[in-house]
Amino acid sequence: MTTPHKKHVAVLMGGWSAEREVSLVSGAGVAKALEEEGYRVTAVDVQRDLEGLLRALTDPRPDAVFNALHGRGGEDGTIQGVLEFLGIPYTHSGVRAAAVAMDKAMTKALLAPVGVRSPKGLVLTKGELTGGAHPRPAPYIVKPVDEGSTVGVTLVREGQNSPVGDAWTFGERALVEEFIPGRELTVGVMGGLDGECRPLTVTEIRFEAQVYDYTAKYSAGHAVHTVPAQIPEHVAEEAKRLAVLAHRTLGCRGVSRSDFRWDDRKSGTDGLFFLEINNQPGMTPLSLVPEQAASVGLTYGALVAWMVENAACQLD
């Protein structure tokens, strides 16, 4: 039997974003694994209730927080600000990095000068998006600027009359990008308190639909993961390099995951494009980072324990 740790960990899960149900699954898995690793664990289902959250985090006060929240409120700097105020070390990125990484347009703008290439795009208001005219030649992708887990991602095809019609319900801004044909790749990165960053591996994701949407990501049988991806070594190494560069440039901490499209019709790495970074990747049974960690010999329990031991508070 594992010797119990003295460390008490509060696992935050649920929240109020579009990804609440996924977060509950992630949180339950993390809590179980941490208990098996010998930590004392308190699971906290986070509601939009600051007073209740403060009670849960002060009576008793945990030694660290595992942030298993996803989406708005959980990975955009909001909950991180609360934890900074309380002075409780927490997993994943800090306030600034979380806020920037959640904003896809801001992420693209900050990564472009360091050589991380992404699809050409522009930000439109909801009114501009639903006006009927195409903002760029089809096919192209429309996605929310600040949602995670591919929530709201839409492929607009040639011959489609309106970009998305009046059905857009994902905020007042949208990012419109050229559609990159080819293959979907993703790379997990572990970055500890010592400043070292370790790319895990490259996964190729194959799916039935033309885009890797929320259903494909979290519904069994809708996507196939190849770990490691069966791609040329130079493409894999470049994807890993860019994932580490994105993690470091944005100031991410703990675990992040960067997504790419690779147009394999182009020579070298010319067809490799960065799509976005997830500074708080899912930890469900279908999630990509735990799968990548396992492929390099790191168990789920060891992964979440490492994340707790690298929890930090910027105000320390």
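Within region 88-117, being open to solvent by less than 30 Å² (accessible area, probe 1.4 Å), of a type in the set (G, A, S) and either part of a loop (DSSP other than H, G, I, E, B) or farther than 28 Å from L53 by Cα (or both) holds for S93, G94, A105.
Among the residues of region 5-17, at least one is surrounded by 14 or more Cβ atoms within 10 Å (Cβ to Cβ), at pLDDT below 95 and over 19 Å from A311 (Cβ atoms).
Residue count for region 258-296, restricted to those that are within 18 Å of L24 (Cα to Cα), of a type outside the set (G, A, S), assigned to a loop (DSSP other than H, G, I, E, B) and open to solvent by less than 20 Å² (accessible area, probe 1.4 Å): 5.
Looking at A236, is it buried (at least 20 other Cβ atoms within 10 Å of the Cβ), modelled with pLDDT under 95 and of a type in the set (A, V, I, L, M, F, W, C)?
Working: buried (at least 20 other Cβ atoms within 10 Å of the Cβ): yes; modelled with pLDDT under 95: no; of a type in the set (A, V, I, L, M, F, W, C): yes.
No.
Of all residues in region 43-81, those satisfying the criterion of being out of contact with any Asp or Glu (no Cβ under 8 Å at 6 or more places or on another chain), open to solvent by less than 10 Å² (accessible area, probe 1.4 Å) and in a strand (DSSP E or B) are V46, A64, V65, F66.
For region 118-135, filtering for residues that are in contact with a strand residue (DSSP E or B) (Cβ under 6 Å, 6 or more places away or on another chain) and either in a loop (DSSP other than H, G, I, E, B) or open to solvent by 70 Å² or more (accessible area, probe 1.4 Å) (or both) leaves 4.
Considering only region 174-189, how many residues are assigned to a strand (DSSP E or B), open to solvent by 10 Å² or more (accessible area, probe 1.4 Å) and either touching a Leu at 6+ places or on another chain (Cβ under 6 Å) or touching a residue at least 60 places away in the same chain (Cβ under 8 Å) (or both)?
The first filter runs over region 174-189 and keeps only residues assigned to a strand (DSSP E or B), leaving 174-178, 183-189.
From what's left, open to solvent by 10 Å² or more (accessible area, probe 1.4 Å): 178, 183-184.
Right, trim to either touching a Leu at 6+ places or on another chain (Cβ under 6 Å) or touching a residue at least 60 places away in the same chain (Cβ under 8 Å) (or both) and you get 183-184.
Looking only at that region, the number is 2.
The values are calculated or read from the model by the stated rules, or taken from the named source; none is laboratory data. These figures come from a predicted structure and were not determined experimentally. When we count neighbours, we look across all protein chains shown, and the Cβ atoms used for this are built from the backbone with ideal geometry, even at glycine. When the accessible area is computed, the model is the full protein with side chains, heavy atoms only, and any ligands, DNA or RNA have been set aside. Shrake-Rupley method; radii C 1.70, N 1.55, O 1.52, S 1.80 Å.
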